[in-house]
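The block underneath contains the structure these notes are about, expressed in structure tokens.
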Amino acid sequence: MKKLISNSMLLLMPFMLTACGASTATKESAAKIPVQTDASLGELRQSAKTLFNGREIAISASAFSESNRLLIQRKPVRLPSGQVIDTGVDEPPFVLELFLRDGECYLRNKATGEEVRLVEVGCEAK
Amino acid sequence: MSRHGFLKPVAIALFTSITLAGCGGGGGGSDDNTSNPPNGGGGGGSTGPTYTAGVYENADNFAGRCENPRNYNDINGNPYNDRQGSILYENHFLRSYSNDTYLWYNELPDLDPGNYNDPIAYFELLKTNAVTASGAPKDQFHFTYNTDDYEKLSQAGVSVSYGIDWALLQSAPPRKLYIRTIEPGSPADAPEANLTRGVKILQIDGVDVEYGNDVDTLNAGLFPSAIGESHTFTVQDVGSNTTRDVTLSAIEVEYDPVPIVDVFNTASGKVGYMLFNDHNFVSEDRLFDSVTQLRDDNVTDLVLDLRYNGGGLLYIASELAYMIAGSAATDGRVFNEVRFNDKYPNINPVTGQRLESTPFYNGISSNSDKYPGGTRLPSLDLDRVFILATSATCSASEAIINGLRGVDVEVILIGSTTCGKPYGFYPTDNCGTTYFTVQFDGVNDKGQGGYSDGFTPMNEPSAPGILQNGCYVIDDLSTPLGDINDPMVAAALNYRIDGSCPVVTQVASFGVQPFRGSVSGAQTVSNGGFGSTADMISQMINYTDPHKKAD
């Protein structure tokens, strides 16, 4: 009986390990957008807006064309006179990350971890 | 949500006169504001905090106690820390916060918060009335933003615009508005627009620029807020006596922060030229590549054009200063050291962190897209640099001047007096308004700073600031930037030969006047944006210096 159980365990072991492997997080890979269309840019902007709780973010068509990371910063501070100044305090950028997971393209707010799946954007591995 | 005045730069022409009329004699305890008690509680007689002259409670006791608490979330989806309070609480917060962190707190009037029913108007009075040696207000950087507007973001280096950088040479009637630069590939650069640097703007959507009262229309045209927004400009081309109309539609324009890099081959060696317009995140890689190019071209001098660079990230300024001076001059030296008021000699009163000076960073940050964090920066190893400047040269750009002179790199200033901002602040949100109040200044390795009147070329007629070797030259909008015939470039090249300057025949006719944008009282501008103050401070505390850790 003991031998039967131990043999059974040996037989089951590979499957158990496979099951373990299947339950761990799927790998992500950095992505970029080689070709930007109006639809994909619109989705990108809307998704970024969602990830920043409804705030509009100016994003150009070249976003993610070279890098899987997009640095977001506040718009320039202007004195009432129109003079552009800085605060003297270096604020860290917000970072949007583009990545592939299970063949799907996602946009993520690095600070909050929130992510949005993209359907119009054509991602490819970076 | 509370809304504040939506004011843009052209509005200063009208708004300034109104503000000045209303706020004279703010010092010494007197005030011109209504004596009506604020909503939600009067001056000590009912619910709410009470005022005792000379006694300041911790600002945290009043923070977030709002007349109109916000019931929506901040940029990260977290609720604002607002609770029901009153204008009285808001005013008490401003009083305590200013007394605690304002750089010149001992020059502040002690005004009963209960006597003011508008926190912004109250805040406008919480500043020093002292003047600099030139007679200008010592504090020219005291203002507010509607926090909702302050929370507007953009991809680094991108903005909704036509691709035009405006030169508002005179903000009060008769106003003078010109095109300062045009970004290649932008709507303004289109052949059908046929616009160039130096074009004069006469009307915007039918409103006269010179004397028009409809500043909202003028502002809306100058600073479109939505993609596709169109406006019509009546323009006068350079050298023309006729006018024409041009309609432009805004798009998301990507600005190159280093648009021109060139080398002048002179009889006495190669001189590099670099136009640098914005210390933003995008500029780091651009500067790295540009200086690498100039180094590989074996330049023996550099003309650094900062005439339109209003500042930005200080660490970028530090990196550029290193790239100019090199290791021998900068290793172990201080680029910039911040100083708060004497209550906080060692600790940052806003973040609670120990004060640390900014070195001359010699490695690229972890924000770089092209290079691994820590990659050694290229350097030109120069013992002098020619910096082209105007009154638009400000903040981090002035820190470059100050930082280099602190390590005995000669800065030869060509142009006109810089804006004069050795100061900084932590924009602070309370109840939907973000307050900017001067909290620290910066000094170099020698402890030098205090350039509140700016840096001034040696022979500038008015000479209000710290004098630097160099020449007073007007920025001529009729010549292309970086051209060898550009008066400022030509002056730098000539000075390099024999130390001489062009004869000063005029003080700003055509071309950029020393446009010192002095601010009288806080005013509200709608532009720019970021997250809640608490979140920002949290990020600052938890922020890993990009030079200490690579991604």
Residue under evaluation B:Leu382, criteria (1) farther than 17 Å from A:Asp90 by Cα; (2) within 12 Å of another protein chain (Cβ to nearest Cβ), criterion not met
(2)
State all residues of segment B:129-156 that are in a strand (DSSP E or B), among the hydrophobic types (A, V, I, L, M, F, W, C) and either at the interface with chain A (Cβ under 10 Å from one of its Cβ atoms) or in contact (Cβ under 8 Å) with a residue 40 or more places away in the chain (or both); if no residue qualifies, say none.
B:Phe143, B:Leu153
Looking only at residues that are closer than 18 Å to B:Tyr308 by Cα and touching a helix residue (DSSP H, G or I) at 6+ places or on another chain (Cβ under 6 Å) in segment B:445-502, which one is surrounded by the most Cβ atoms within 10 Å (Cβ to Cβ)?
B:Val473
I'm trying to understand the selection: among the residues of segment B:96-121, which are part of a helix (DSSP H, G or I), among the aromatic types (Phe, Trp, Tyr) and in contact with a Lys or Arg (Cβ under 8 Å, 6 or more places away or on another chain)?
B:Tyr105
Please go through segment B:276-295 and give me each residue that is outside any helix (DSSP H, G or I) and within 13 Å of another protein chain (Cβ to nearest Cβ), ordered by number.
B:Asn277, B:Asp278, B:His279, B:Asn280, B:Phe281, B:Val282
Take segment B:47-67 and flag every residue that is surrounded by 11 or more Cβ atoms within 10 Å (Cβ to Cβ), on the phi > 0 side of the Ramachandran plot and more than 31 Å from the chain's Cα centre (by Cα).
B:Gly48
State whether the residues of segment A:88-95 include one that is more than 29 Å from B:Cys419 (Cβ to Cβ) and either facing chain B (nearest Cβ under 7 Å) or of a type outside the set (Asp, Glu) (or both).
yes
Does A:Ile85 meet the test of being modelled with pLDDT under 95 and over 18 Å from B:Thr434 (Cβ atoms)?
no
Scan segment B:364-377 and report the pairs whose first residue is closer than 13 Å to B:Ser318 by Cβ and whose second residue is among the hydroxyl-bearing types (Ser, Thr, Tyr) and not in a loop (DSSP other than H, G, I, E, B), with Cβ atoms within less than 7 Å and a gap of 6+ or a chain change.
B:Ser365/B:Tyr315; B:Leu377/B:Tyr322
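The values are calculated or read from the model by the stated rules, or taken from the named source; none is laboratory data. Every value quoted in this text rests on a predicted model; they were computed, and no experiment measured them. Note that each Cβ is placed from the backbone with ideal geometry, even for glycine, and that neighbours are counted across all protein chains shown.
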